[in-house]
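Here is the structure we will look at.
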Amino acid sequence: MNWKLLVVAILCPSALFFTGCDKDDPVIPNEEELITTLNYILTPQSGGDVITMSFQDLDGDGGTSPTVVGGTLSANETYDGTLELLNESETPAEDITEEIEEEDEEHQFFFQSSISNLSIAYDDEDDDGNPIGLSSTLSTGAAGEGNITITLIHEPTKDGEGVSSGDITNAEGEIDIEVTFPVSVQ
């Protein structure tokens, strides 16, 4: 046997042994939580009844269709909006909203509407000054009907073009939940 080949045969496995991963090296992914319920709570700034639009899907991606309750909003009104997310497959229900608040730099809600003269603005931000969306301001104009879609993106590219202003086009990341509510403005 060639002595050079013998040296290589001994040193290569040794080098691999000494450069292997430490126990601290593995990155354990943050498992996504199950979100069974999303409530969009709208409080009119001029007073009046609170409107709660809700999505509930207790079996997740199972065979039962989710329950979606939209809302009727007043024309020419401004609402303070709050999002609440729960995992109601557990008892007691787990408040996922708290986790999103703790990991605010890794999450952002996006609001899209097919209703003309309806806009939604962010009222909260993470430690870097980027929007989150757990708190918002919804403003209506003239009467109309359509939908509001709320999308929660996990690990969005918050510095992407338009993302900080709510444009989901360049957000990237993964969708944690996406809900479309039927809405009437009267």
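Only the coordinates and a few stated rules stand behind these numbers; no lab work does. Just so it is clear, the model here is predicted, and its values are computed rather than measured. Methodologically, a virtual Cβ is constructed for each residue, glycine included, from the backbone with ideal geometry; neighbour enumeration extends over all protein chains shown.
Relative to the Cα centre, the charge distribution of segment 30-185, modelled as +1 at Lys and Arg Cβ and -1 at Asp and Glu Cβ, gives a dipole magnitude of about 1320 debye. Full extension of the chain between Ser114 and Glu161 yields a length gain of 14.7 nm, computed as 0.36 nm times the residue separation minus the alpha carbon distance.
The protection proxy used here, the mean number of other Cβ atoms lying within 10 Å of each residue, ranks peptides 58-71, 154-167, 90-103, 128-141 as follows, highest first: 128-141, 154-167, 90-103, 58-71. Extension gain, Ala93 to Ile175: 0.36 nm times the residue separation minus the Cα-Cα distance gives 27.4 nm.
Couplings 3J(HN,Hα) of segment 61-70, computed from phi: 7, x, x, 7, 5, x, 9, 10, 10, x Hz, in residue order, whole Hz [Karplus 6.51 cos²θ - 1.76 cosθ + 1.60, θ = phi - 60°; x for Gly and Pro]. 3J(HN,Hα) along segment 170-186, derived from phi through the Karplus expression 6.51 cos²θ - 1.76 cosθ + 1.60 where θ = phi - 60°, amounts to 10, 6, 6, x, 10, 7, 7, 7, 9, 10, 10, 9, x, 9, 10, 10, 10 Hz, with x in place of Gly and Pro. If you plug the beta carbon distance of Thr43 and Asp128 into 1/(1 + (r/R0)^6) with R0 = 35 Å, you get a FRET efficiency near 0.80. In order along segment 138-146, the phi-based Karplus estimate (6.51 cos²θ - 1.76 cosθ + 1.60, θ = phi - 60°) of 3J(HN,Hα) comes to 10, 10, 10, x, 5, 4, x, 9, x Hz; Gly and Pro are listed as x. Here segment 30-185 has an Rg and Dmax of 15.2, 43 Å, counting Cα atoms alone. Here, segment 84-127 has an Rg and a Dmax of 13.9, 41 Å when only alpha carbons are counted.
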